[in-house]
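Below: one structure, written as structure tokens.
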Amino acid sequence: MEKILKIAVLAGDGIGPEVMDVGVNVLESVAEKCGFNLQLDHQLVGGAAIDAAGSPLPANTVKSCEQADAILFGSVGGPKWANLPPNDQPERGALLPLRKRFGLFANLRPSVCHQALTHASPVRPDLIPNGFDVLCVRELTGGLYFGEPKFRKVEESGDILAVDTMVYRKSEIVRIAHVGFKAAMTRDKRLTSVDKANVLENSILWRETVTEIAKEYPEVTVDHLYVDNAAMQLIRNAPGFDVLLTENLFGDILSDEMAMIAGSLGMLASASLGEAKGDGLYFGMYEPSGGSAPDLAGKGVANPIAQILSVALMLRFSFGEEDAAKMIENAVNQAISDGFRTGDIMTSEDGLKLVGTVEMGNAVIERL
Ligand code: IPM
Ligand code: MG
């Protein structure tokens, strides 16, 4: 019997639907070449779901995700919904609840600067002569995003108080540390843990716990950086990093920085995973890290590579289709080597071809 991949497809808002179309085309081409079947269930999410169904995360969408083995996600949010109450907005009403609902605590953001893209980086090319390859392992269901209490109130004085709470349990740090160290073992065996242990109580626990778990991975070289220093070191010497392990908000910030140093936020894929299942595979949600980019939406110019590479991560982690994942990653590298560039990664060197979203997708599909 042929294998069937059950996937909930949530394109969302902004550039989401455009890049998702390309991502799905790539997925379908690979499925045909590798001989597996797809069962794709397209559902509404985010602002699109608010407009059509009155909720950013309709019950049908959650049900579709529950019945699938993976969620392929585009992006949500935009100015049209930015004035709704916070919990009704696409981000807090759909994206964060999906992460929490499915226990997706481990967010992997691989940032690879292709050698041919060193000139697209805002960092001096001599600082990244051979490009680089850094994996950010971001804790995704704890910290300031989810900690309670979280509220806003008007005080007796008339002043307004807003509270977010940064909470980590040791058990949450232990499980994400294992993800980081296991990833390091498959790579260059170097891990940098990022915290703010000179100020924050839960960063002190973070550092202690990572130090403890490190003993189980004696082959991995570990160092600890404060987050401000890490932000600086990334710009100064991105190739000096291998795995970056950090908590939710620090990871949100540093992964954007990393992506930009690698050339563009439009290249940064991500996998959000829960615990491994018995078969070693993961239920996961796969999405570009860059957001809905409302300014680019509808113009056909957005870079689809983050979405395409998210498809590769999905095939790897949720379906164990390593060959198919590699096929996609190689095709993306080849399209870049052959000079195809969307606007965000276009530079002035000779031989480059400025292309739109669909053309970039086709360039990748032709190279599968
Ligand atoms: C990301 C995004 C989200 C986050 C937003 C849209 C809530 O920036 O995935 O990095 O902060 O996690
Ligand atoms: Mg972000």
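When the accessible area of the chain is split by element with a 1.4 Å probe, what percent falls to carbon and sulfur? Don't skip to the end; give the middle numbers.
Numbers: 8330 of 15980 Å².
Carbon and sulfur together cover 52 percent of it.
Compute the Rg/Rh shape ratio of the stretch 122-261: radius of gyration over Kirkwood radius, all on alpha-carbon atoms.
The Rg/Rh ratio comes out at 1.05.
With every protein chain present, what is the per residue accessible area of the stretch 20-98 (1.4 Å probe, Å²)?
45 Å²
For a test of the definition: using alpha carbon positions, the gyration tensor, and the 1.5 limit on a/c, classify the stretch 48-155 as rounded, prolate or oblate.
Cα axes put the stretch 48-155 in the prolate bin.
When all protein chains stay in place, what accessible area (Å², nearest 10, 1.4 Å probe) is found for TYR226?
TYR226 has an accessible surface of roughly 80 Å² with all protein chains in place.
Could you pull out every residue, at least 5 positions away or on a different chain, whose amide H is within less than 5 Å of the one on LEU5? Hs are placed 1.01 Å off N in the peptide plane, and Pro or chain starts have none.
Hits under the 5 Å cutoff: ASN37, LEU38, GLN39.
Tabulate in residue order the Karplus-calculated ³J(HN,Hα) for the stretch 15-31, using 6.51 cos²θ - 1.76 cosθ + 1.60 with θ = phi - 60°, rounded to whole Hz; enter x for Gly and Pro.
Here the 3J(HN,Hα) series is 6, x, x, 5, 6, 5, 3, 5, x, 5, 4, 4, 4, 5, 5, 5, 4 Hz.
Sorted by average packing, counted as other Cβ atoms within 10 angstrom per residue and highest first, what order do 123-129, 292-298 take?
So the peptides 123-129, 292-298, ranked by packing, come out 292-298, 123-129.
Considering Cα pairs under 8 angstrom that are at least six residues apart, work out the relative contact order of the chain and quote it in whole percent.
On the way: 793 pairs, mean separation 75.8, N = 368.
The value is 21 percent.
Under 5 Å between amide hydrogens, which residues at least 5 positions from LEU244 or on another chain qualify, with H placed 1.01 Å from N in the peptide plane?
LEU135, CYS136, VAL137, THR192
Residue-wise, which Karplus ³J(HN,Hα) couplings in Hz belong to the stretch 237-251, taking 6.51 cos²θ - 1.76 cosθ + 1.60, θ = phi - 60°, and x for glycine or proline?
So the Karplus estimates, Gly and Pro as x, are 7, 4, x, x, 9, 10, 10, 10, 10, 7, 7, 4, 6, 4, x Hz.
Accessible area, 1.4 Å probe, largest first: how do ASP69, ASP88 sort?
Descending accessible area places them as ASP88, ASP69.
Ordered by residue, what ³J(HN,Hα) values in Hz, to whole numbers, does the stretch 358-366 give under the Karplus form 6.51 cos²θ - 1.76 cosθ + 1.60, where θ = phi - 60° and Gly and Pro are x?
Once θ is set to phi - 60°, the couplings for the stretch 358-366 become 5, 5, 4, x, 5, 4, 5, 4, 5 Hz.
Put PHE36, PHE283 in order of accessible area, largest first, 1.4 Å probe: what do you get?
PHE283, PHE36
What residues qualify as long-range amide H neighbours of VAL301, i.e. H under 5 Å apart, gap of 5 or more or another chain, H built at 1.01 Å from N?
Under 5 Å from the amide H of VAL301: THR357.
I want the antiparallel fraction of DSSP beta bridges within the chain, as a percent rounded to 5.
For the chain, the DSSP antiparallel bridge percentage is about 40.
If DNA, RNA and ligands are ignored and the probe is 1.4 Å, what is the ranking of PHE132, PHE151 by accessible area, most exposed first?
Sorted by accessible area, descending: PHE151, PHE132.
Which parts of the stretch 72-106 would a label at LYS150 reach, counting a residue when its backbone N lies under 17 Å from a point 7 Å out along Cα-to-Cβ?
Once the point is set 7 Å along Cα→Cβ of LYS150, 76-77, 84-106 turn out to lie under 17 Å by backbone N, inside the stretch 72-106.
Eigenvalues of the Cα gyration tensor times 5, then square-rooted: what semi-axes does that give for the chain, in whole angstrom, largest first?
Here the semi-axes work out to 30, 26, 22 Å.
Given R₀ = 22 Å, FRET efficiency for GLN67-CYS34 by Cβ-Cβ distance, to 0.05? Walk me through the numbers before you get to the answer.
On the way: r = 23 Å, r/R0 = 1.05.
It comes to 0.45.
Might you tell me the accessible area per residue for the stretch 122-261, computed with a 1.4 Å probe and given in Å²?
On a per-residue basis, the stretch 122-261 sits at 49 Å².
The values are calculated or read from the model by the stated rules, or taken from the named source; none is laboratory data. Keep in mind that this is a model prediction, so the values were computed, not measured. Positions of Cβ are backbone-derived with ideal geometry, glycine not excepted, and every protein chain shown enters the neighbour counts. Remember, those area values only see protein heavy atoms, side chains included, never the ligands or the DNA or RNA. Shrake-Rupley method; radii C 1.70, N 1.55, O 1.52, S 1.80 Å.
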